[in-house]
1. So how much accessible surface do A and B hide from each other in total, probe 1.4 Å, in square angstrom to the nearest 100?
2. Measure off, as a whole percent, the carbon and sulfur share of the 1.4 Å-probe accessible area of the protein assembly as shown, all protein chains present.
3. Take the alpha carbon atoms of the range A:113-134, find their center, do the same for the range A:19-91, and report the distance between the two centers in whole angstrom.
4. Starting from 0.36 nm per residue, how many nanometres of slack lie between residue B:86 and residue B:110 once their C-alpha separation is accounted for?
5. Label-point separation (nm) for residue B:30 and residue A:143, each offset 7 Å from Cα along Cα-to-Cβ?
6. Given the convex hull of the Cα atoms of the protein assembly as shown, what is a quarter of its surface area in nm²?
7. Across bins of 5 angstrom width beginning at 0, how are the C-alpha pair distances of chain B distributed, in whole percent?
8. Probe of 1.4 angstrom, ligands and nucleic acids ignored: what's the accessible area per residue over chain A, in square angstrom?
Protein chains: 2
Amino acid sequence: MEQQETLGPVENAVGYVLKQAAVALRNAMDLALRPLHLTVPQYACLELLGQRPGLSNAELARGVFVTRQSMNVVLRGLDERGLVTRAAVAPHGRELPTELTTAGREHLDAASAAVLAVQTTMCAGLTPARQQALLETLAVCIRNLNDGS
Amino acid sequence: MEQQETLGPVENAVGYVLKQAAVALRNAMDLALRPLHLTVPQYACLELLGQRPGLSNAELARGVFVTRQSMNVVLRGLDERGLVTRAAVAPHGRELPTELTTAGREHLDAASAAVLAVQTTMCAGLTPARQQALLETLAVCIRNLNDGS
DNA sequence: TGCTCCATGTCAGTATCCTGACATACAGTG
DNA sequence: CACTGTATGTCAGGATACTGACATGGAGCA
């Protein structure tokens, strides 16, 4: 009796609930970021750059879980709006380090607050221990999935 | 000190890890379903129909977390492949109940086994209690997010 | 009955993200 | 040095999902 042989009702499937949570979170973030005219990938890009300035396109793509091509479009949009600056020449290889501008930093601060509010809403009623357990359990799932591929 | 005022490193943000897990699961399912020539939404549609025959397009869309329009395309593809049948006339309102064909049921059985394998891989090393805790915690998050919108 | 409101199925257009492909730049190895 | 392998940035094309819109069918109410 080490493993069930059917998934059971979708409502009880881990994968189903995981997707449902991801969709709900995505929608909530979209809503929160709309006043700032930022999409979720755009925000994620800014947040990553705020924490680790000088990241390249490919590194940002991996961090945001999109392809290099998609991140390229995001970065171009942010560049045109003056929120980030990309180095004109590559200091190493073909990598073009990107950094936040002052305007980008201001946008990020506002967006970060909005997203924090969403996360706070999401985790309402959860003890810190339970949040930590959620993080750790998800980390195990991620590791299990990525090891197999 | 009831709430932190910054998100902290993205690696520790619940939303970030949640998205990461969802992406990893999506990729793993795509890989597992590829031999059967099924996409994740197509599989989700079949699974839902297997558990609750006669669902309408709109009901399926809500269950799979896509729009009616997207589900319409999915359903049309499955219909052309002979995996599902849609009622020609609406027995009530405009709803066109959909059901699995024999071929659809066979496809579903194979797909369900593949997805179960993925879920088993994902949850490897997690005690039933921990899986249950994950489900319950995610349910709280979903409720919190949906109440606010 | 007539009116309003809501849900459904569908068409059209747009946006987003992906896969495939190519040239370039560096590291490692003979 | 030359060669191979890997990683990056970018272009082109296609797949997928979305928003907006419309017509239809039913429920509720005066």
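1. Values: alone 10650 and 10700 Å², together 16060 Å².
Chains A and B together bury roughly 5300 Å² of accessible area.
2. Of all accessible area on the protein assembly as shown, carbon and sulfur atoms account for 54 percent.
3. 22 Å
4. Numbers: separation 24, 0.36 × 24 = 8.64 nm, distance 2.21 nm.
Gain on stretching residue B:86 to residue B:110: 6.4 nm.
5. That separation, rounded to one decimal, is 2.5 nm.
6. Details: hull surface 74.2 nm².
That works out to 18.6 nm², a quarter of the Cα hull's surface.
7. Spelled out bin by bin, chain B gives 2, 8, 14, 17, 17, 14, 12, 8, 4, 2, 1, 0, 0 percent.
8. Working: 8020 Å² over 149 residues.
Normalised by residue count, the accessible surface of chain A is 54 Å².
The values are calculated or read from the model by the stated rules, or taken from the named source; none is laboratory data. Model, not experiment: these values are computed from the prediction. Here the Cβ is made from the backbone with ideal geometry for all residues, glycine too, and neighbour counts use every protein chain on show. Please note that ligands, DNA and RNA were not included when accessible areas were found on the heavy atoms of the full protein model with its side chains. Shrake-Rupley method; radii C 1.70, N 1.55, O 1.52, S 1.80 Å.
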